Structure formats: structure tokens, C-alpha cells
1. From the list ILE109, ILE51, exactly one residue is aliphatic (A, V, I, L, M), assigned to a loop (DSSP other than H, G, I, E, B) and more than 15 Å from TRP155 (Cα to Cα). Which is it?
2. From the list LEU205, LEU178, exactly one residue is aliphatic (A, V, I, L, M), modelled with pLDDT under 95 and either under 27 Å from GLU325 (Cα atoms) or surrounded by fewer than 21 Cβ atoms within 10 Å (Cβ to Cβ) (or both). Which is it?
3. For residues that are at pLDDT 95 or above and more than 23 Å from LEU21 (Cα to Cα), tally how many sit in the range 110-127.
4. Please go through the range 221-244 and pick out each residue that is part of a loop (DSSP other than H, G, I, E, B), under 27 Å from the mean Cα position of the chain (by Cα) and either among the polar types (S, T, N, Q) or outside the structural domain of TRP326 (by TED's automatic domain parsing) (or both).
5. Surrounded by 18 or more Cβ atoms within 10 Å (Cβ to Cβ), under 16 Å from ASN158 (Cα atoms), assigned by TED's automatic domain parsing to the domain that holds LEU20 and of a type outside the set (S, T, N, Q): is that true of HIS139 in this structure?
6. Does the range 152-165 include one or more residues that are of a type in the set (A, V, I, L, M, F, W, C), part of a loop (DSSP other than H, G, I, E, B), within 30 Å of ALA87 (Cβ to Cβ) and touching a helix residue (DSSP H, G or I) at 6+ places or on another chain (Cβ under 7 Å)?
7. Is it true that PHE34 is surrounded by fewer than 20 Cβ atoms within 10 Å (Cβ to Cβ), of a type in the set (Phe, Trp, Tyr) and at pLDDT 95 or above?
8. With respect to LYS189, is the statement that it is over 30 Å from PHE348 (Cα atoms), surrounded by fewer than 21 Cβ atoms within 10 Å (Cβ to Cβ) and in contact (Cβ under 8 Å) with a residue 24 or more places away in the chain true?
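The values are calculated or read from the model by the stated rules, or taken from the named source; none is laboratory data. Computed from a prediction, not measured in an experiment: that's the story for all the values here. Positions of Cβ are generated from backbone atoms using ideal geometry, with glycine treated the same way; all protein chains shown enter the neighbour counts.
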Amino acid sequence: MIRVLVFGMTENPGGVESFLLNYYRHIDRNQIQFDFLCNSYDPVAYEDELIELGGRTFHITARSKNWIKYYEELNKIFKQHSSEWDAIWVNVCSLANIDYLKFAKKYGIKKRIIHSHNSQNMDSRLRGLLHLLNRRRIHKYASDFWACSEDAAIWFYNKELLKKAIVINNAIDVKRILFNEEKRKQIRKEHDWDDKYIIGNIGRLHFQKNQKFIIDIFQQYHADNPDSMLVLIGKGEDESDLKQKVDNYGLNEAVYFAGIQKDIQGWLSSFDIFLFPSKFEGASIAALEAQANGLPVLGSKRVIPEDIRINDNFIFFDLDKDCSEWADQIRKMEPIRRKQKEEIIDSFKKAGYEITEETKKLQQLLEN
């Protein structure tokens with residue numbers, strides 16, 4: 001059996017965490033098993049299921065909290081367990097920290113995979129500078145170079161490494177996300193939204209996902225459509241600012257902050273449209289899941305990679321247009337209905353985003 005140490009799971013059930021869980025659920029675990037390196041002592045997203053599927057979790061102190069303790073614990077784990085791992089697979093949104101690959105090389109793990117999950121810096125200026133520094137020397141520590149999209153590969157790798165880079169699609173379990181009428185009715189009844197037109201967004205509450213602009217758009221839309229609701233699912237550092245903005249607009253009764261939710265199928269089923277004006281993206285799991293649910297999607301043009309447009313009810317719109325124009329576009333999309341289940345499944349398979357088929361490709365890469 002091949003055993004792989006995976007980095008990328010955090011406490012937040014975001015896109016990278018969902019990506020890893022999707023592949024872990026479907027990989028042949030009689031042939032390949034995952035362990036998970038977690039830079040926090042709090043439980044990571046889906047930890048109970050990771051362990052149930054046969055994985056082990058190794059928790060260490062975050063470098064930002066105590067860098068001496070972090071290095072001591074990281075060194076101890078590799079010293080004690082590196083002989084058990086055939087590969088390390090590091091899933092990150094920047095190259096600000098490549099210590100996991102350095103230790104893997106030091107302790108003789110031959111297959112060392114770096115996997116890019118974003119296309120721009122979403123952190124501090126300092127981490128952006130560290131990314132640029134490590135971008136020049138990542139070839140010294142990694143043996144395999146993966147990315148979720150071509151844009152994400154360009155963000156991580158120079159021209160020479162781009163020739164070696166492999167795009168791993170952010171495939172999803174479409175059948176788990178398909179529209180569910182009963183869950184739609186249940187959630188809408190529970191929140192007294194039976195007659196509401198619901199605009200939804202799922203993502204970390206962070207400037208990358210552009211929820212401030214979403215609220216501006218909704219304020220314009222709601223003025224002419226008082227029976228509408230905005231539902232934001234996720235947590236993040238922008239939450240207090242977003243709530244203040246909603247309060248300033250006097251929209252507290254029309255905007256619902258749902259926090260982190262496990263039943264993504266149910267919440268997507270409760271929406272009528274998915275609003276996604278991100279400032280930058282790698283290959284968004286949220287946009288794929290919205291399409292798997294059949295929802296009409298309105299997303300940023302020239303930001304969200306065009307190859308993740310699976311359904312023809314996904315409309316790209318320019319971020320240069322103001323919030324009133326985005327609100328008008330939502331009105332134009334009101335008659336657009338959900339896609340049918342059979343059509344969705346077929347489209348995802350053809351596009352390479354259906355998890356069963358894509359897992360076979362991933363398994364071959366890990367076994368090589």
C-alpha cells in the first residue's frame with residue numbers, strides 16, 4: 001500500500017478541504033491511504049470522517065503562533081514517521097511556507113508534490129514577498145508540480161516548471177450536490193422564506209470573494225425587489241465589516257449570515273441564483289457545486305476560469321460594471337431555471353469535473 005502525507009486541511013471547510021475530502025472518499029483506499037498534517041491543535045474540517053476512512057491526523061503548533069515549537073514538532077514528526085510515507089502532497093494557496101517539503105526532502109521522501117490552489121496573493125504583503133522568494137527555489141524541494149488551473153500554475157511556477165505542471169481538476173461528487181426539493185422546502189420553511197427570491201453565495205468572508213460588492217449589488221436589487229433575500233454562507237475576517245455594511249444599508253432583515261454549514265446540497269437547493277463576483281480564483285469548488293445543483297450562476301468575467309463553466313446557465317459579467325448593472329443582470333436572469341439532473345451529470349463527466357473518473361487519474365499519478 002502507498003501511504004501519502006497530505007497537507008492542506010484546516011479548521012475551515014473551504015475549497016481546498018472539500019477538494020481533498022472528495023478525492024479521499026473515492027480513491028481506492030486498499031491501494032492508497034492518506035495521513036494529514038495539520039498546523040493547528042484544533043480539529044480540522046471533516047476530521048472524524050478522515051479518521052473513519054483510515055487516515056491519521058498529525059497536529060502541530062502553527063508557525064505564526066510559536067515558530068520554535070513549530071519547527072521542533074515538525075522535525076519530530078518527520079523523524080519518527082517519514083519512513084512510513086511514500087509521498088507528501090502539499091496543497092496551498094501560496095508558497096509563503098514550504099517547510100513541509102524541505103523536511104520531506106531532508107528525511108528522504110522521494111515523491112514531493114506541491115499543488116497550487118489559487119492564482120493571486122490573498123494574504124499579507126510579507127507573505128506575498130515570501131511567495132516570490134520561494135517561487136524561485138521551489139524546484140529544489142518539490143519533485144512534482146500540480147495546480148487546480150492554468151492560472152494557478154502560472155502563479156506558482158516559472159516557465160521551466162510550467163512545462164512539467166499538471167492540472168488536477170477540482171472534481172466533485174455531483175450526485176451528492178444535485179438539487180433536492182425536500183431540503184429546499186425544509187430550509188425555506190424553517191427561515192420563513194417560502195415566497196422569497198434568494199440570492200446566495202458560499203465562500204470565506206474575505207476580500208477575494210468580494211462579499212462587500214455582493215452587498216452593494218443586493219442593496220440595488222432589493223430596492224426594486226423587496227421579496228428578495230441575500231444568504232451568505234461562510235466565516236472569515238471580513239464578517240464584522242460586512243455586518244456593519246448591511247446595518248448601514250438597513251438590510252438586516254433581508255441579509256442572512258448563515259456561518260459555516262455542512263449541508264451544502266440543502267443550502268444550494270434553497271437558493272434561486274448563485275452570485276459569485278470574486279476578485280480572483282483558482283478553480284472554484286463553490287462555483288462547481290452551484291452548477292452541480294443546477295443553479296443559474298452570475299460570476300466574474302476574466303476572473304473565474306472559463307473552463308469551469310459546465311452549464312449554459314452560468315453567465316460571466318464584468319467586474320468593471322457597477323453594482324446597479326450587476327443588479328440589472330440578476331433581474332434578467334430571473335426567468336432562467338435550474339438544469340436537469342441527467343444533463344448536469346453528463347456535462348460534468350464530459351468536462352472532467354466528475355469525481356469518479358478524475359480520481360482514477362489522480363491515483364495513477366500517486367502510484368507512478
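1. ILE109
2. LEU205
3. Within the range 110-127, residues that are at pLDDT 95 or above and more than 23 Å from LEU21 (Cα to Cα) number 1.
4. Those that are part of a loop (DSSP other than H, G, I, E, B), under 27 Å from the mean Cα position of the chain (by Cα) and either among the polar types (S, T, N, Q) or outside the structural domain of TRP326 (by TED's automatic domain parsing) (or both): none in the range 221-244.
5. No: the conditions fail for HIS139.
6. Within the range 152-165, one or more residues are of a type in the set (A, V, I, L, M, F, W, C), part of a loop (DSSP other than H, G, I, E, B), within 30 Å of ALA87 (Cβ to Cβ) and touching a helix residue (DSSP H, G or I) at 6+ places or on another chain (Cβ under 7 Å).
7. no
8. Criteria not met by LYS189.
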